[in-house]
Amino acid sequence: MSDSIRDLIVIGAGPAGMAAALAARRRGLDVLLLDEQPDVGGQIYRSITTTDAQRQRILGPDYSHGETLAQAVKAAGVEHWPGTAVWQVDTDKTVHALRGGANHHIAAKALVIATGAMERPFPVPGWTLPGVMTAGAGQILLKNAALVPSAPVVLAGCGPLLYLLAAQYLRAGVKIQAILDTADGTDWRLAIRHATALLAGWGYVRKGLGLLREIKAAGVPFHQGVEQLRIEGAGADAAEAVAFTRRGQAHRIACGLVLLHQGVVPNNQVTWSLRARHHWDDKQLSWVPTCDDWGQTSLPGIYVAGDGAGIGGALVAELQGELAGIAVANALGQGTCQDGEAQRARIRQHLAIRPFLNQQYRPRDAFRIPADEVIVCRCEEVTAGSIRAQVALGCSGPNQTKSFSRCGMGPCQGRQCGLTVTEVIAQATGLPPSDVGYYRIRPPLKSLTLAQLASE
Amino acid sequence: MNASSDALVVGGGLQGLSSAFQLARRGYRVRLLEAEYCGRHASGVNAGGVRTLGRHLAEIPLALAAREQLWHHLEELLGDTCGFVPSGQLQVAENEADERKARERVALLQSHGFGHERWVDAQQVRELVPSISPHVVGGIWADRDGYALPYRVVTAYRLAAQRLGVDILESTAVQRVERCGSLWRAHTPHGTFEAPWLVNTAGAWAWEIAAQAGDPVPMEPGGLMLMVTQRVAPFVQPVLGAMGRPLSFKQFDNGTVLIGGGLRCEADAAQRHAPVDLTRLPRSARTVIDLFPHLTQISIARAWAGIEGFMPDEIPVIGPGAAAPQVVHAFGFSAHGFELSPIVGCIVADLIDRGQSTLPIEAFRLDRFAV
């Protein structure tokens with residue numbers, strides 16, 4: 001099915017996508033907003049339009065903020081296609097998407113890619129066992145279906161989402177056996193160096209401290225400086241215990257459900273598939289599409305906004321979305337031409353805290369670049385040792401690991417192993433990640449059945 | 001650093017690696033220059049069909065020699081199985097017109113003394129592939145054909161060549177070749193290399209090297225797409241093709257199903273990139289679900305493309321250059337060079353070492369396009 005040409009297609013209806021669509025629509029553009037979920041909100045404001053007061057209380061005030069934006073998008077006349085999976089994007093700005101079982105090929109004058117973040121892989125021994133999931137998945141169950149674990153859980157990792165989920169679980173009455181903090185540990189001398197940033201970003205710090213206070217008040221055992229984390233239970237084929245060391249001392253906690261999380265990274269599948277330029281960010285330990293100060297990628301007319309452009313959080317995402325929406329309107333000569341300086345100033349203010357957060361929650365090398373026996377690619381069950389053996393045979397980049405071992409070629413399209421593979425090869429070859437590179441991402445970006453393709 | 005060598009091989013695809021390996025076995029000092037990494041394009045990412053079935057008459061002696069002398073003995077030769085599975089290949093006939101065409105083909109081959117393709121009826125097809133759609137009326141069967149894992153073959157040839165002392169330089173794109181006195185000279189960003197012999201196995205870029213050697217040819221680069229599905233329970237052993245429509249189809253032992261067969265796409269040879277365009281693949285998807293209706297709801301996990309060189313008559317150039325001495329070309333395999341590559345290496349090495357090949361290669365002469 002072919003549709004008429006749009007001024008702007010926005011992929012992803014989280015804060016960045018909603019703000020981009022809204023800014024462009026308010027300037028008179030014909031905007032189509034595509035998203036997989038049943039409604040707008042993205043991951044952070046998932047199910048925002050259907051969540052009752054009780055669940056809003058559990059999820060907290062930051063979550064409720066999304067409702068205002070969602071209502072504005074609906075009121076502004078943005079055409080929104082929920083339940084729509086984008087499986088191919090062309091450099092000529094044609095978007096191929098599946099909606100309600102039918103394929104659509106929609107051309108646009110500009111694209112805003114607002115596909116957000118995904119959780120950083122956390123490859124530790126046992127991370128693929130049943131009974132181990134990510135904190136993000138835990139939060140999706142809570143937001144979508146008000147599902148919480150009935151058995152006690154252990155939360156392990158680092159980053160704001162881990163503490164947020166802990167607080168949300170406590171408010172929902174979930175028993176948390178322990179929280180294992182795997183970050184390198186706060187170096188207060190460094191924190192003092194970031195003092196100005198801390199003051200500038202005081203809102204974020206206060207929120208973080210508030211969460212920690214809430215967790216402490218509930219009496220949840222909180223272990224800092226956790227190393228050599230592993231999940232036991234391979235024999236039983238399900239998680240049975242979490243083992244770790246702390247200050248050289250071995251610990252073991254019996255439990256059947258472990259939630260892992262060590263931060264989020266940009267979801268760049270679309271921009272990689274378009275072969276847009278990306279660079280390696282040493283602070284965020286991830287790839288970032290190279291953009292101008294409007295969020296335009298190396299491909300003219302194709303913009304990235306939100307966490308997909310580098311992790312900045314929901315409020316930064318919203319401002320970046322607005323910038324991209326304005327940029328598209330400017331380019332199409334719609335509305336009053338604006339310079340975006342006001343938005344940029346506010347983005348700088350919100351980002352002031354990031355260097356501190358990046359430092360504070362930097363995942364340890366050992367949790368990103370695992371030992372030989374740890375599985376890296378879960379789809380094809382390729383271990384770190386196997387990747388190192390491939391390097392010894394002359395493999396110099398992630399695309400060769402695919403050919404050597406099918407690593408990264410399973411259903412997740414490398415989303416869950418890509419960063420690990422880059423860093424394992426970088427360590428083994430002594431090359432910087434920027435030279436090692438990333439997977440070439442190919443369509444379909446989302447699952448497409450033979451029947452759906454054949455129905456063309 | 002720039003030690004002298006007897007031959008420069010341009011291109012680290014399978015034809016180049018196989019040629020370098022066979023030359024080294026015959027005692028030649030070989031240097032291979034590869035623009036990216038070995039097997040990066042068509043050689044490493046093709047469907048991996050070890051297929052004598054359905055070939056151009058001129059290719060049959062080479063294809064049979066490759067299969068009987070090399071593919072079934074690769075482990076002894078290279079120290080690696082290369083993932084070779086002698087599963088057989090079956091080309092199905094879906095209607096009467098297909099059947100007529102298939103029977104004519106088998107008769108034609110028999111009149112030339114070839115018995116490697118034989119007609120099998122509907123009953124035999126169902127014995128070979130019990131899950132196939134009932135509309136299939138028969139097919140052509142090549143029982144000693146099969147498949148292998150392309151990148152594993154590339155790697156096995158590369159390592160075997162390196163063990164024999166072949167100097168393989170990756171990320172070393174040949175910008176220009178020229179004949180200087182009694183030597184060929186290849187200019188690269190990493191220096192200039194010289195040797196008496198030049199082997200042009202540059203794949204989709206081979207026409208440029210050929211032109212620089214004084215042998216212009218009407219070769220065109222093109223992209224070729226493949227897609228692979230999620231894992232499904234085993235349902236087909238042989239590699240399948242179809243008489244009436246383009247298809248190459250196989251199930252790997254991990255359960256994934258590879259779908260291809262002449263699915264052309266654009267190729268940007270200068271950028272060394274062929275963008276996959278799934279919107280060109282509905283016909284292949286339809287063919288697959290016509291033959292195996294139970295695959296309707298199976299997801300496509302991935303699609304990709306390789307860049308290949310195509311000749312107007314869709315058979316390769318294999319043989320000495322027409323203009324300058326001491327150059328051998330092997331390129332333009334037009335999307336079916338994988339199975340031939342082990343024997344092409346032997347032919348190239350024999351042409352250099354003995355001035356001739358024991359196999360009939362007249363049809364692949366470079367000057368066949370000359371007006």
- Item | Filtered residue count, the range B:245-257, keeping only those that are within 14 Å of chain A (Cβ to nearest Cβ) and surrounded by fewer than 19 Cβ atoms within 10 Å (Cβ to Cβ) | 5
- Task: Within the range B:274-300, count every residue that is in a loop (DSSP other than H, G, I, E, B), crowded, with 17+ Cβ neighbours inside 10 Å and facing chain A (nearest Cβ under 7 Å).
- Result: 3
- Filter the range A:40-87 for residues that are in a helix (DSSP H, G or I), more than 25 Å from A:D7 (Cβ to Cβ) and hydrophobic (A, V, I, L, M, F, W, C) and give the result. A:A53, A:I58, A:L59
- Message: When the residues of the range A:388-404 are narrowed to those that are touching a helix residue (DSSP H, G or I) at 6+ places or on another chain (Cβ under 6 Å) and among the small types (G, A, S), which ends up nearest to the other protein chains (Cβ to nearest Cβ)?
- Response: A:S403
- Query: Tally time: how many residues in the range B:67-106 are within 29 Å of B:I347 (Cβ to Cβ) and either aromatic (F, W, Y) or in a helix (DSSP H, G or I) (or both)?
  - Reply: 15
- Message: Every residue in the range B:157-196 that is away from every other protein chain (no Cβ under 14 Å), out of contact with any Ser or Thr (no Cβ under 9 Å at 6 or more places or on another chain), surrounded by 15 or more Cβ atoms within 10 Å (Cβ to Cβ) and closer than 30 Å to B:E339 by Cβ, please.
- Response: B:L164, B:V177, B:W184
- Message: Take residues that are in contact (Cβ under 8 Å) with a residue 24 or more places away in the chain and more than 30 Å from B:E99 (Cβ to Cβ) and tell me which of the strands (runs of 3 or more DSSP E) falling wholly in the range B:125-214 contain 2 or more.
- Response: B:167-169, B:176-180, B:183-188, B:191-195, B:197-200
- Task: Working only within the range B:203-240, note down all residues that are within 28 Å of B:F364 (Cα to Cα) and within 14 Å of chain A (Cβ to nearest Cβ).
- Result: B:G223, B:L224, B:M225, B:L226
- Item | Qualifying residues in the range B:25-81 (those that are out of contact with any His (no Cβ under 6 Å at 6 or more places or on another chain) and polar (S, T, N, Q)) - the one most open to solvent (accessible area, probe 1.4 Å) | B:Q69
- Message: Filter the range B:350-361 down to the residues that are open to solvent by 70 Å² or more (accessible area, probe 1.4 Å), free of Cβ contacts under 8 Å to residues at least 12 places away in the same chain and under 13 Å from B:I318 (Cβ atoms) and list them by number.
- Response: B:Q356
- Residues A:A234, A:A243: which one is within 29 Å of A:P370 (Cα to Cα), in contact with a Leu (Cβ under 9 Å, 6 or more places away or on another chain) and modelled with pLDDT of 80 or more? A:A243
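The values are calculated or read from the model by the stated rules, or taken from the named source; none is laboratory data. Fair warning: this is a prediction, and the values are worked out from it, not measured in the lab. So basically every Cβ, Gly included, is an ideal-geometry build from the backbone, and we count neighbours across all protein chains shown. Remember, those area values only see protein heavy atoms, side chains included, never the ligands or the DNA or RNA. Shrake-Rupley method; radii C 1.70, N 1.55, O 1.52, S 1.80 Å.
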